[in-house]
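Encoded as structure tokens, the structure appears first; notes follow it.
What follows is calculated from the coordinates using simple rules that are stated; it is not laboratory data. Note that the structure is predicted; figures quoted are calculated from it, not measured. Glycine gets a Cβ as well: all are built from the backbone with ideal geometry, and neighbour counts include every protein chain shown.
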Amino acid sequence: MSRFHFYTKKELLDHTRIRRYETKLGERAQILKNGLSSLSAHPEARFVCIGVPECIGVLGDHGTKGAEHTWFHFVNAFLNLQSSDACSGSEVILAGYFDFSDVQQVIDHHHMNTEEKIDACRHAVANIIDEEVESVVKAIIASGKIPIVVGGGHNNAYPIIKSAAKNLYKAGKTKRPMINAINLSSFGGYRIMEGRHNGNAIRYAMEESYLHRYAVIGLQENNNPQSMMDDLYSNVNIHYHTYEEIFVDERLNFVQSLAQSFAFIDDEPIAVDLDLDAVNHSGSMSTHPGGVSVDQARQFIRFCGNYSNICSLHICKGSSGQLHAESQQLATLIGLLITDFVKSKI
């Protein structure tokens, strides 16, 4: 918790472009004046948005930097979306974000070679990031609210799932400390357990019995190693539809893939993940030319509104350094996805 920065109302308003005769989300979004202990003081706010602006998990998966900037661009875009009857902004507590820059600096300045840097990143994910993210998500779920987490890498799906599974069971809302998850992603998130990183959050959550069933939509055949695809295929608790199956071979359409995937996991609380790499022209770090459209990503989020057992939303990846057209596009997309989620649940 020492690395979590809580927003003040002044900070939100400083980034909100006030205009006469209009109301922006930044004017209505709520903050936690007394930290996590004041969550219960906001009964009208069902959603708590937190940021995990880090690239340590991505670097631990042999990736590159970039995801550590996305949260800050998103906040600027979100605060300046229009408040409306469908989503006024008061439904959301914009709590704050983690600052893992000190961890990143230690790794950057003290590794001797690439292998040592990767090992250090994996150690930091398992021993620092996982624990801190889990502790904040725990408090949000214990208050009866829904956490909305903006990453960072997909590594943060593990502490979200773990915290939800443990605390929903503790609250008597599940019969065992396990939940289900669905992921719109070009990558399965099921690499081997070689140390915690961006590519194996689902594997760790499932192997440690926090995750029961997992559905993933949009896997790209050339983006996933065959060994991992074999593991996904052989696991009876995993259901997937590939990008090629939906959009190239057209064996089913996108809505059918959503319906079949949710039917597979709707018997328990559901953690929702959306990997921005799966969205075409989103300005994310993905180099793949194909992907679901922005409208289909929004449709995926809105489809969640049909289910009362959604327990969390996690939007991860995205790569944006300095503010430019692509980072603004990515930031606005995340803002739209989150307002879609709020609208679908109220």
What lysines could a cross-link reach from Lys175, if we take a straight Cα to Cα line under 16 Å and drop same-chain neighbours fewer than 8 places away? Lys162, Lys166
Whole-Å distance linking the alpha carbon centroid of region 116-152 with that of region 1-46 is 21
So the FRET efficiency between Lys117 and Asp14, C-beta based with R0 = 25 Å and rounded to 0.05, is 0.10
If you build a Gaussian network model of the chain, linking Cα atoms that sit under 10 Å apart, which residue out of Lys173, Lys117, Lys24 swings the most? Lys173
Using the 10 angstrom Cβ neighbour count as an exposure proxy, how do Lys10, Lys138 rank, fewest first? Lys10, Lys138
Using only alpha carbon pairs under 8 Å that are at least six residues apart, calculate the relative contact order of the chain and give it in whole percent. 20
What percent antiparallel are the DSSP beta bridges of the chain, to the nearest 5? 10
Quick check on region 1-155: what are the equivalent-ellipsoid semi-axes from the Cα gyration tensor, as sqrt(5λ), descending, whole Å? 32, 17, 12
To the nearest 0.05, how large is the calculated FRET efficiency for His110 and Glu207 if R₀ is 45 Å and r is the Cβ-Cβ distance? 0.90
Ranked by Cβ crowding within 10 angstrom, fewest neighbours first, how are Thr23, Thr70, Thr16 ordered? Thr23, Thr16, Thr70
For Met229 and Glu250, extending 7 Å from Cα along the Cα-Cβ vector and measuring point to point gives, in nm, a value of 2.2
Pick out which of Leu211, Leu252, Leu36 has the largest mean-square fluctuation in a Gaussian network model of the chain, springs linking Cα atoms closer than 10 Å. Leu252
Along the charge dipole of the chain, Cβ charges K/R +1 and D/E -1, which of Gly153, Asn113, Gly290 sits furthest on the positive end? Gly153
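Mind checking the dipole of the chain: about its Cα centre, +1 per Lys or Arg Cβ, -1 per Asp or Glu Cβ, Debye to the nearest 20? Spell out each step's value before the answer.
On the way: 31 positive and 39 negative charges, 294 e Å.
Using Cβ point charges on Lys, Arg, Asp and Glu, the chain gives about 1420 debye.
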GNM on the chain, C-alpha springs below 10 Å: top fluctuator among Ile107, Ile31, Ile334? Ile107
What number does the chain give for Rg over Rh if you use C-alpha atoms and the Kirkwood radius? 0.94
Could you tell me what a quarter of the Cα convex hull surface of region 97-205 works out to, in nm² with one decimal place? 7.5
To make sure I understand the rule: partners must be lysines, Cα under 25 Å from the Cα of Lys24, and not fewer than 8 residues away in the same chain. Which ones qualify? Lys9, Lys10, Lys33, Lys145, Lys343, Lys345
